[in-house]
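> Just passing along the structure, written as structure tokens.
The values are calculated or read from the model by the stated rules, or taken from the named source; none is laboratory data. Because the structure is a prediction, the values reported are computed rather than measured. Because the Cβ atoms are built from the backbone with ideal geometry, glycine has one as well, and the counts that use them run over all protein chains shown.
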């Protein structure tokens, strides 16, 4: 069984060479284990999908203790390194972020996503100093636990209105530089989908760049061609699962038939086998 340090070092290595690290984000132990069985070299969680699975809306509405417990279950179910999306750190201060990071490291995670996010007006982002301070707190907390945590800094410039796209991209680069200086190991810019702009970002940022993919977004090979080192899909897998579940329910409760369950269902024996040796 690999130590936390060994899992963290393996996760860092996955960003450095070879094909891009592709992460089909999980939300519970079963989804994490099925993704690992499919060949995922690492597991990343989706904060939105985890919140929904726990019965809360996205946006730090789920209690931190419940999120940490869910992460612990995922880490117990898989051998692959696990990176946890902890949104803004589940607290208003860098000290709160440090406490969150200590908890998720003790739960078994070796990476985190931390985001800057929208300001109170919903139309602008918080000042970059806010996330920079949280990154430093996360780095310090993980260091005290003896784990070389991979900190993926999420920049939300593409989630707010942008009357001047050139200014938005310039702000993205400035924030990326600030977060790298604070200790970020990777830069994540969800919402950015233009390949030329992505390539420019990759060339400008001295850390692995993570791009969020969704149906219709550039393919993994196309992203790899412009230098992207990490591709994730966020809550999209759970959205697909929820859509299927809704279809199953509507068919069952209206027609009284079961065709929607016939597709790609796995057997009870195969499901049990996923966890038999854990």
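> Of everything in the stretch 70-107 that's surrounded by 19 or more Cβ atoms within 10 Å (Cβ to Cβ) and either modelled with pLDDT under 95 or at positive phi (or both), which residue is farthest from the chain's Cα centre (by Cα)?
It comes out as 90.
> Also, I was wondering about something else. On the given criteria, is residue 6 farther than 16 Å from residue 83 by Cα, without any contact (Cβ under 8 Å) to a residue 24 or more places away in the chain and either part of a helix (DSSP H, G or I) or within 16 Å of the chain's Cα centre (by Cα) (or both)?
Criteria not met by residue 6.
> Which number in (1) crowded, with 20+ Cβ neighbours inside 10 Å; (2) in contact with a strand residue (DSSP E or B) (Cβ under 7 Å, 6 or more places away or on another chain); (3) within 23 Å of residue 132 (Cα to Cα) marks the one condition that residue 213 misses?
The single condition residue 213 does not satisfy is (3).
Yes/no per residue for (1) touching a helix residue (DSSP H, G or I) at 6+ places or on another chain (Cβ under 8 Å); (2) under 25 Å from residue 139 (Cβ atoms); (3) in contact (Cβ under 8 Å) with a residue 60 or more places away in the chain:
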position: 11; (1), (2), (3): no, yes, yes
position: 52; (1), (2), (3): yes, no, yes
position: 67; (1), (2), (3): yes, yes, no
position: 83; (1), (2), (3): yes, yes, yes
position: 91; (1), (2), (3): yes, yes, no
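> Suppose the filter is at pLDDT 95 or above, part of a loop (DSSP other than H, G, I, E, B), on the phi > 0 side of the Ramachandran plot and surrounded by fewer than 17 Cβ atoms within 10 Å (Cβ to Cβ); does residue 256 pass it? Spell out how you get there, then give the answer.
Working: at pLDDT 95 or above: yes; part of a loop (DSSP other than H, G, I, E, B): yes; on the phi > 0 side of the Ramachandran plot: yes; surrounded by fewer than 17 Cβ atoms within 10 Å (Cβ to Cβ): yes.
Yes, satisfied.
> Have a look at 231, 220, 209, 205 and point out the one that is in contact (Cβ under 8 Å) with a residue 40 or more places away in the chain and in contact with a helix residue (DSSP H, G or I) (Cβ under 7 Å, 6 or more places away or on another chain).
Being in contact (Cβ under 8 Å) with a residue 40 or more places away in the chain and in contact with a helix residue (DSSP H, G or I) (Cβ under 7 Å, 6 or more places away or on another chain) holds for just one of 231, 220, 209, 205, which is 231.
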